[in-house]
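Engineer: Dumping the structure here so I can ask a few things about it.
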Amino acid sequence: MTGFDVDFFVIGAGSGGTRAARIAAGHGAKVMVAEEFRIGGTCVIRGCVPKKLMVYASRFADDFEDAAGFGWNISGASFDWPRLVAAKEAEVTRLSGIYRTNLMNAGVEIVESRAVIVGPHQVRLASDDRVVSARHILVATGSTPDLGRVCEGLDLTITSNEIFDLPTLPQRLLIIGGGYIAVEFASLMQRLGSKVTMVFRADMVLRGFDSDMRLGLTEGLTAAGVAILSGRLPRHMQRLPEGIAVSFTDGSEAHFDQVLLATGRRPQTDRLGLETCGVTLEPNGRIPVDAHAATSCASVHAVGDVTNRLNLTPVAIREGHVLADRLFGGGTAKVDHHLVPSAVFSTPEIGTVGLNEDAALAAHGDLDVFVSAFRPLKATVSGRAEKVIMKLVADAVTQRVLGVHVLGADAGEMAQLVAIAMKMGARKSDFDATMALHPTAAEELVTMHHPTRRYRQGRIATP
Ligand code: NDP
């Protein structure tokens, strides 16, 4: 060490921060990590993990219905929201404990306090006003729900921070927004017993996703009973004895027990003291970083949602790991943000890697697009009106597969695996040469031989 209290001070013990801290300590660095909430961050405490547990809980509703078609008699099934919340909390607490243990076992000092940067090499701990000097500082404070001004009365709303711990299941739930969080909670809360209404300003959910996936998910949400109010927003909300009264921009009104605001997340950079080391935030609060997670201050680095590049846990983890290797282990690698698979854990689920059809068309012009929409085998016997949609977008000149999009059960699992092939530069002919695995849904990805649409020089071509 070179005259500093620690080699590495990490602000935020979420996915990116804990990984960076642990790897740095493994390289022999003296590391301190500060966390003002709970060890584990959004993903573990009030994001991906509890969300996925609730998704599992919700899908039993469909399974119980489907079981009848397979000869089962299931009657009297009922759902207990407080029991699910308690089970979720037990698992989250267990995971948070593992994160803590892993940090401690690596030799990282954990400080449960807010930490604020007070200079290029100094951090002040709010708990005891102590100033700690550090050779390197990592900002890994993540993001938080954006409470921007959608309409009046937003103080009556909850966000994804609160919904996991509601004491009771809301009978009537309004969800504002049509993004990831909105469609995931619409799918799961409707199945757990809420009557869900979604309202968002766009014409369809999930702006930026492939249009066939957006359409298929809209049909799936509607089939599950979710009311979708597109192209409008709430105008005003007030609490009345009969519930939260919401008036919408189209003049309609309705009452709800809870309103979930899911209109995006913003980087948590407020009052972090970044100005004391000369780091200027972008207008959306994001910390500008280069490909090495370096900010404009040589000793201050940032990873994960606080940099607002790709707000995904594995991306933050990889960024934290690579940074720690570079600062303390002589590493030279850069994080590759190209072809990152992602999933939306709605029901039906969406898994996606690469470019959607519109983006591929804009970038390449000559495309072969393969689409297959079919009823999955299970639904033939269960009787569920369910559709799987698979789409493969290939460059017609190079045959490189540019995008794969799946809507249906286990779409996320498929996206993870197909991402390997795509990272290796797979061409459509590689998919064609791969033997199908029967009977699966995924086999459709290697058996789509004739393009559904061809584009040449950016225009639709006759087949
Ligand atoms: P998203 O960015 O996915 O969606 C935001 C929604 O809010 C969109 O419908 C958007 O509309 C709308 N919106 C934004 N600003 C306004 C406004 N001022 N007035 C009205 N509507 C507005 O955000 P989420 O909050 O759902 O999720 C945040 C991020 O968290 C995601 O982007 C994702 O990176 C991450 N996440 C990932 C998950 C996963 O990987 N499975 C799960 C959950 C979250 P419009 O489309 O018109 O812009």
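Engineer: Anything in segment 146-157 that is buried (at least 18 other Cβ atoms within 10 Å of the Cβ) and away from the ligand (no atom under 13 Å from the Cβ)? List them, or say none.
Structural biologist: Result: 153, single match.
Engineer: Take residue 18 and decide whether it is more than 16 Å from the ligand (Cβ to nearest atom), hydroxyl-bearing (Ser, Thr, Tyr), crowded, with 23+ Cβ neighbours inside 10 Å and touching a residue at least 60 places away in the same chain (Cβ under 8 Å). If you could, list the steps in order and put the result at the bottom.
Structural biologist: Details: more than 16 Å from the ligand (Cβ to nearest atom): yes; hydroxyl-bearing (Ser, Thr, Tyr): yes; crowded, with 23+ Cβ neighbours inside 10 Å: yes; touching a residue at least 60 places away in the same chain (Cβ under 8 Å): yes.
When the stated conditions are applied, residue 18 passes them.
Engineer: What tally of residues in segment 307-321 results from selecting those that are away from the ligand (no atom under 13 Å from the Cβ) and either within 21 Å of residue 146 (Cα to Cα) or surrounded by fewer than 24 Cβ atoms within 10 Å (Cβ to Cβ) (or both)?
Structural biologist: Number satisfying all stated conditions: 3.
Engineer: Could you tell me which of the residues 313, 276 is out of contact with any Cys (no Cβ under 9 Å at 6 or more places or on another chain) and more than 25 Å from residue 400 (Cα to Cα)? Steps first, answer last, please.
Structural biologist: On the way: 313 fails: out of contact with any Cys (no Cβ under 9 Å at 6 or more places or on another chain).
After applying the criteria, what remains is 276.
Engineer: Here is a further query. Examine segment 75-83 for a residue that is touching a Ser or Thr at 6+ places or on another chain (Cβ under 6 Å) and either among the basic types (Lys, Arg) or crowded, with 19+ Cβ neighbours inside 10 Å (or both), and state whether such a residue exists. Break it down stepwise before answering.
Structural biologist: Of the residues in segment 75-83, the ones touching a Ser or Thr at 6+ places or on another chain (Cβ under 6 Å) are none.
No, every residue in segment 75-83 fails to be touching a Ser or Thr at 6+ places or on another chain (Cβ under 6 Å) and either among the basic types (Lys, Arg) or crowded, with 19+ Cβ neighbours inside 10 Å (or both).
Engineer: Scan 412, 383, 365, 408 and give me the residue that is touching a Phe, Trp or Tyr at 6+ places or on another chain (Cβ under 8 Å), under 28 Å from residue 61 (Cα atoms) and of a type outside the set (Ser, Thr, Tyr).
Structural biologist: On the way: 383 fails: touching a Phe, Trp or Tyr at 6+ places or on another chain (Cβ under 8 Å); 365 fails: under 28 Å from residue 61 (Cα atoms); 408 fails: touching a Phe, Trp or Tyr at 6+ places or on another chain (Cβ under 8 Å).
Going through 412, 383, 365, 408 in turn, just one is touching a Phe, Trp or Tyr at 6+ places or on another chain (Cβ under 8 Å), under 28 Å from residue 61 (Cα atoms) and of a type outside the set (Ser, Thr, Tyr): 412.
Engineer: Quick test of your reading of the structure: residue 189 fulfils all but one of (1) touching a helix residue (DSSP H, G or I) at 6+ places or on another chain (Cβ under 6 Å); (2) closer than 26 Å to residue 92 by Cα. Name the failing condition by number.
Structural biologist: (1)
Engineer: Tell me yes or no: at least one residue of segment 436-452 is surrounded by 14 or more Cβ atoms within 10 Å (Cβ to Cβ), touching a residue at least 60 places away in the same chain (Cβ under 8 Å) and of a type in the set (A, V, I, L, M, F, W, C).
Structural biologist: Checking segment 436-452: at least one residue is surrounded by 14 or more Cβ atoms within 10 Å (Cβ to Cβ), touching a residue at least 60 places away in the same chain (Cβ under 8 Å) and of a type in the set (A, V, I, L, M, F, W, C).
Engineer: Of the residues 127, 133, only one is assigned to a strand (DSSP E or B), more than 15 Å from the ligand (Cβ to nearest atom) and surrounded by fewer than 19 Cβ atoms within 10 Å (Cβ to Cβ); which?
Structural biologist: On the way: 127 fails: assigned to a strand (DSSP E or B).
Checking each option against the conditions leaves just 133.
Engineer: Quick one: in segment 1-23, of everything that is in a loop (DSSP other than H, G, I, E, B) and of a type in the set (A, V, I, L, M), which residue is modelled with the highest pLDDT? Let's see the steps before the verdict.
Structural biologist: Let us first name the residues in segment 1-23 that are in a loop (DSSP other than H, G, I, E, B), namely 1-5, 12-14.
Adding the requirement that they be of a type in the set (A, V, I, L, M) leaves 1, 13.
Numbers: 1: 53, 13: 98.
Looking at the filtered set, the residue picked out is 13.
Engineer: Are there any pairs, at least 6 apart or on different chains, whose C-beta atoms fall under 7 Å, with the first in segment 345-368 and under 14 Å from residue 402 (Cα atoms) and the second aromatic (Phe, Trp, Tyr), and if so, which?
Structural biologist: Filtered contacts from segment 345-368: 352/209; 356/209; 361/455; 365/455; 366/455; 367/455.
Engineer: Let me ask you something else. Take segment 110-158 and flag every residue that is farther than 18 Å from residue 294 by Cβ and among the basic types (Lys, Arg).
Structural biologist: 114, 124, 130, 149
Engineer: Spot the failing condition for residue 193; the list is (1) away from the ligand (no atom under 15 Å from the Cβ); (2) buried (at least 17 other Cβ atoms within 10 Å of the Cβ); (3) on the phi > 0 side of the Ramachandran plot, and only one is missed.
Structural biologist: That leaves (2) as the condition not met.
Engineer: Looking at (1) surrounded by fewer than 23 Cβ atoms within 10 Å (Cβ to Cβ); (2) away from the ligand (no atom under 16 Å from the Cβ); (3) assigned to a helix (DSSP H, G or I), can you tell me which one residue 55 breaks?
Structural biologist: (2)
The values are calculated or read from the model by the stated rules, or taken from the named source; none is laboratory data. Keep in mind that this is a model prediction, so the values were computed, not measured. All Cβ positions, even for glycine, are placed from backbone atoms using ideal geometry, and neighbour counts span all protein chains on display.
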